[in-house]
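Let me begin by presenting the structure, written as structure tokens, before commenting on it.
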Amino acid sequence: MPEMKDIVKLGIDAYKGNVEKYSIAQSQETMREALIEACGGDTKLNMRKLRNGEYNAAFAIIEQVLGATIMEGLQESDYFNALVEYRDLALGDENLFLVENSDLFAVAEVAPGTQGIRRQRLGGVTEVKIPTKVYAVRIYEELDRILAGRVDFNKMIDKVAESYRVKHMNDIYNLWTTSTQAPFNDTTYFPAAGQYNEATLLTLIEHVEAAAGGKTATLVGTKKALRNLTMTVMSDSAKEDLYTDGFYGYFFGSPCIAIPQRHQINSTSFVMPDNVITIVAGDEKPIKFVREGDPLIITHNAFENADLTQEFCYIEKTGVGIVLAAGRNSGMGRYIIQ
């Protein structure tokens, strides 16, 4: 049997359509054959073997491929990569983010030959823990259909992985929206509201950058929100950005990042407001996403269900939070365009 890491890589590459040795169809068949081999050659689940734990190797493959593809999908987002710091922690590892107080010492004028001034000490480091919760999805029949060749491996992992990605991104979006409604974590905060005005936005950017000790500010909003931006002077590259992406890539030197709009779960209402531009500046990515421990698949014996269906429960432990440094190391602003 091939090495586990090679099987997992094949599953991830086939899921992403990034295959070198095989075509996608061949990769699907190779992946199916690997799962069959992991099941001792069985093309359909044997309930007694399932009860005795003889299919654990196959479930281990699916656990690892699912865990990797969920994060692969999240990290394909420019918004996620620009604003979210991701940590994958082993169970029991320290889930702490250290926030350094970057206030400066006060410099006093003294007479020559004297040091009689008040001594100073900065606040040091604040430890912030991101709370995590356990999330699960229960599915049934899927593995049996894969082994029988009735459904390909991509469809199985895609449905579960996409469900988790939607959940994680909605949590990140909701957190991001609520965190900018008021000053957060003692970060210097600058609000503005009214009809769009270039000078107002530039002043807001300068405030945020000054609060962050001169760090370059980034403008974040939905594509519709960023479409409000206009510039008195427009370069050819700005026109190209507008034509290809629908918004300017830079606003007078400040990079712009579009948040892909999403529907609220079981609704056609948007998650993100389309009239808000958030301005952030600082050394750290403000959103922290943590996954603790390894993902897990738990099988449920078909004999325990009245309809004799086979169930599989995929479980992982994750958490999301916002951590911004206090003092001169970060700044945040919000421009509500009315």
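The values are calculated or read from the model by the stated rules, or taken from the named source; none is laboratory data. From a predicted model like this one, the values you see are computed outputs, not experimental measurements. Note: ideal-geometry Cβ built from the backbone for every residue, glycine included; neighbour counts use all protein chains shown. These accessible areas exclude ligands, DNA and RNA; they are computed on the full protein's heavy atoms, side chains included. Shrake-Rupley method; radii C 1.70, N 1.55, O 1.52, S 1.80 Å.
Quick notes on this one:
- Members of region 305-338 that are open to solvent by 30 Å² or more (accessible area, probe 1.4 Å), at pLDDT below 80 and in a strand (DSSP E or B): E311
- The number of residues in region 235-254 that are open to solvent by 70 Å² or more (accessible area, probe 1.4 Å), over 24 Å from the mean Cα position of the chain (by Cα) and aromatic (F, W, Y) comes to 2.
- Test: residue in region 232-248 that is under 26 Å from V134 (Cα atoms), at pLDDT below 90 and not in a loop (DSSP other than H, G, I, E, B): no
- In region 237-258, the residues that are farther than 19 Å from L202 by Cβ reach residues that are at pLDDT below 85 and part of a helix (DSSP H, G or I) with C-beta atoms within less than 9 angstrom, at least six apart or across chains, in these pairs: A258/D78; A258/Y79.
The rows are residues; the columns are (1) surrounded by 15 or more Cβ atoms within 10 Å (Cβ to Cβ); (2) modelled with pLDDT of 70 or more; (3) more than 22 Å from N81 (Cβ to Cβ).
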{"residue": "T114", "(1), (2), (3)": "no, yes, yes"}
{"residue": "K129", "(1), (2), (3)": "no, yes, yes"}
{"residue": "K133", "(1), (2), (3)": "no, yes, yes"}
{"residue": "Y140", "(1), (2), (3)": "yes, yes, yes"}
{"residue": "L143", "(1), (2), (3)": "yes, no, yes"}
{"residue": "L147", "(1), (2), (3)": "yes, no, yes"}
{"residue": "R150", "(1), (2), (3)": "no, yes, yes"}
{"residue": "Y164", "(1), (2), (3)": "yes, yes, no"}
{"residue": "I172", "(1), (2), (3)": "yes, yes, no"}
